[in-house]
Amino acid sequence: MPKPELHPGFDIRILPLFHAILNSATAVLLVASLYFIKNGQQKAHKTANLIAVVLSVIFLLSYVTYHALAPETRFGDINHDGIVDAAEKAAVGGIRYVYYFLLLTHIVLAAIIVPFVLFTLLRAFQHNFEKHKKIARITWPIWLYVAVTGVIVYIMISPYYH
């Protein structure tokens, strides 16, 4: 698909690092949120989760923008020619399979987590804390996995950005 000829006024190559920072902050907030609720600090729990949601929305908007404008980056493309040849595949070895497993599970779960987060928030705002707690037990670990694997995927692919 052709990329649009847009020039946002800054170097978009900084965005993957920005995305990793947003994912890192979200992961920290999710762990803090769990700590807060386990220790009866409902207001801090609510604040941590709302900030995590805001960071996730910023991430999603920035991520879509980046991928609409940036050229594709391929894992293992050592010479940055857009082709991962047999020698490059051999050079990165079996770690490719780890990368693709993490990337695939990250993408699938990132798509799945959005409605879970929304329903979890809805239950909390409706003061239906029993249902909130029940769905949060599913939402929290998936959301944390998505945030953490987002950072790991960035670290693994970052040598191949042009």
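The table below lists the values:
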{"read-out": "Residue match in the range 133-140 (condition: surrounded by fewer than 18 Cβ atoms within 10 Å (Cβ to Cβ) and hydroxyl-bearing (Ser, Thr, Tyr))", "value": "no"}
{"read-out": "Hits in the range 135-149 (condition: of a type in the set (Ser, Thr, Tyr) and within 14 Å of the chain's Cα centre (by Cα))", "value": "145, 149"}
{"read-out": "Set 54, 148, 108: member being out of contact with any Ser or Thr (no Cβ under 6 Å at 6 or more places or on another chain), loosely packed, with under 15 Cβ neighbours inside 10 Å and under 21 Å from residue 18 (Cβ atoms)", "value": "54"}
{"read-out": "Where a residue in the range 109-134 is closer than 16 Å to residue 37 by Cβ and part of a helix (DSSP H, G or I) and its partner, wherever it lies, is modelled with pLDDT of 95 or more and small (Gly, Ala, Ser), with Cβ under 6 Å and at least six apart", "value": "120/136; 132/124"}
{"read-out": "Single unsatisfied condition, residue 34 versus (1) open to solvent by 70 Å² or more (accessible area, probe 1.4 Å); (2) more than 15 Å from residue 150 (Cα to Cα)", "value": "(1)"}
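Yes/no matrix, rows are residues, columns are (1) open to solvent by less than 80 Å² (accessible area, probe 1.4 Å); (2) within 25 Å of residue 26 (Cβ to Cβ); (3) in a helix (DSSP H, G or I):
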| position | (1), (2), (3) |
| --- | --- |
| 46 | no, yes, yes |
| 50 | yes, yes, yes |
| 60 | no, yes, yes |
| 63 | no, yes, yes |
| 68 | yes, yes, yes |
| 78 | no, no, no |
| 82 | yes, no, no |
| 87 | yes, no, yes |
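The values are calculated or read from the model by the stated rules, or taken from the named source; none is laboratory data. Remember, predicted model here, so these are calculated numbers, not experimental data. FYI the Cβ positions are ideal-geometry reconstructions off the backbone, even for glycines, and counts take in every protein chain you see. Surface accessibility is based on the protein's heavy atoms, side chains included, excluding ligands, DNA and RNA. Shrake-Rupley method; radii C 1.70, N 1.55, O 1.52, S 1.80 Å.
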